[in-house]
Amino acid sequence: MTAARQDIGTTESARDYVTHVFAVADAEFHKLMHDPLELFSRAIQPVLWLVLFGEVMAQVHGITSEGQRYVDFLAPGILAQSVLFVSIFYGISAIWERDLGVLHRYMVSPAPRSALVLGKALSSNVRALSQAVVVYVCAVLLGVSMDVDPVHILAVVALIALGSALFSTFSLIIACIVKTRERFMGIGQVLTMPIFFASNAIYPIAIMPAWLKIIAIVNPLTYEVDGLRAMMLRGSTSGLGLATDFAVLSAVFAGLLLIATRFYPRMTE
């Protein structure tokens with residue numbers, strides 16, 4: 001009987017935890033639905049990168065392997081970039097919540113702190129997946145050789161979710177440290193471009209100088225781009241290994257989740 005009660009208690013605790021996570025995510029989702037213009041405005045950037053940058057750089061020979069169009073190579077990188085740019089500024093919402101008093105209500109709730117952080121990471125996926133739709137549509141219009149295998153599309157969704165959760169949690173940690181919108185925006189702008197350019201998003205690792213290759217290998221965005229490129233493009237394969245891509249992204253996200261769980265309550269101080 002004691003073991004049975006413990007099993008029931010564990011099940012109820014797990015159910016409560018999941019409920020807390022989705023409650024936070026649902027609140028963030030409804031905020032986004034009240035401002036759909038944000039999704040539209042963020043859709044402009046990946047279109048410009050694909051149409052303008054992609055078409056111009058396609059004239060430069062030697063960037064990609066023989067027989068591959070540069071815009072094909074670029075599309076997964078721009079999707080990863082869009083996810084990065086959306087997620088890295090996600091932490092500013094925590095600063096707004098603190099200033100409006102919403103964060104104090106979260107802190108006095110019975111929800112575990114990890115559930116609050118995980119809920120915010122989950123809610124960032126809505127914005128990231130909306131970017132994926134834009135990039136897919138634009139890529140098809142540009143004639144990119146897209147892979148429409150349902151299993152591969154599900155893998156793309158999983159990679160986007162992992163990447164979005166990772167960078168939004170990283171953003172939350174920054175917000176917990178700096179605590180002001182002005183400092184946060186400055187640091188966010190400083191971080192986004194180095195993370196983006198020190199990855200394989202717009203050029204392959206093979207043509208990088210040795211010092212940049214080292215940075216790219218420890219950059220989690222590199223693994224997201226590598227997995228997206230393998231799953232989005234017909235006939236493409238992963239250069240680093242798809243299992244490695246998922247493992248690295250999952251491990252980095254788990255580490256950031258632990259750090260954010262410790263830092264998040266300090267936002268109220």
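The values are calculated or read from the model by the stated rules, or taken from the named source; none is laboratory data. Just so it is clear, the structure is predicted and the values come from calculations on it, not from any experiment. Reconstructed Cβ throughout: ideal geometry from the backbone, glycine too, with neighbour counts over all protein chains shown.
Some observations on this one:
- Filter pass, residue 50 being buried (at least 16 other Cβ atoms within 10 Å of the Cβ) and modelled with pLDDT under 65: no
- Unmet criterion (only one of (1) in contact with an Asp or Glu (Cβ under 7 Å, 6 or more places away or on another chain); (2) part of a loop (DSSP other than H, G, I, E, B)) for residue 249: (2)
- Test for residue 255: is it closer than 22 Å to residue 147 by Cβ and either among the β-branched types (Val, Ile, Thr) or surrounded by fewer than 18 Cβ atoms within 10 Å (Cβ to Cβ) (or both): no
- Test: residue in the range 69-80 that is surrounded by fewer than 17 Cβ atoms within 10 Å (Cβ to Cβ), at pLDDT 80 or above and under 19 Å from residue 200 (Cα atoms): yes
- Of the residues 102, 126, the single one that is at pLDDT below 70, touching a Phe, Trp or Tyr at 6+ places or on another chain (Cβ under 9 Å) and of a type in the set (Val, Ile, Thr) is 102.
One line per residue, one yes/no per condition, for (1) in a helix (DSSP H, G or I); (2) closer than 30 Å to residue 112 by Cβ:
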{"site": "177", "(1), (2)": "yes, yes"}
{"site": "182", "(1), (2)": "yes, no"}
{"site": "189", "(1), (2)": "yes, no"}
{"site": "196", "(1), (2)": "yes, no"}
{"site": "222", "(1), (2)": "yes, no"}
{"site": "237", "(1), (2)": "no, no"}
{"site": "254", "(1), (2)": "yes, yes"}
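- Being farther than 17 Å from residue 196 by Cβ, touching a residue at least 24 places away in the same chain (Cβ under 8 Å) and polar (S, T, N, Q) is a description that does not apply to residue 168.
- Tally, over the range 123-148, of residues that are buried (at least 21 other Cβ atoms within 10 Å of the Cβ) and of a type in the set (A, V, I, L, M): 6
- Screening residue 183 with (1) touching a residue at least 60 places away in the same chain (Cβ under 8 Å); (2) of a type in the set (D, E, K, R); (3) closer than 25 Å to residue 90 by Cα gives one miss only, at (1).
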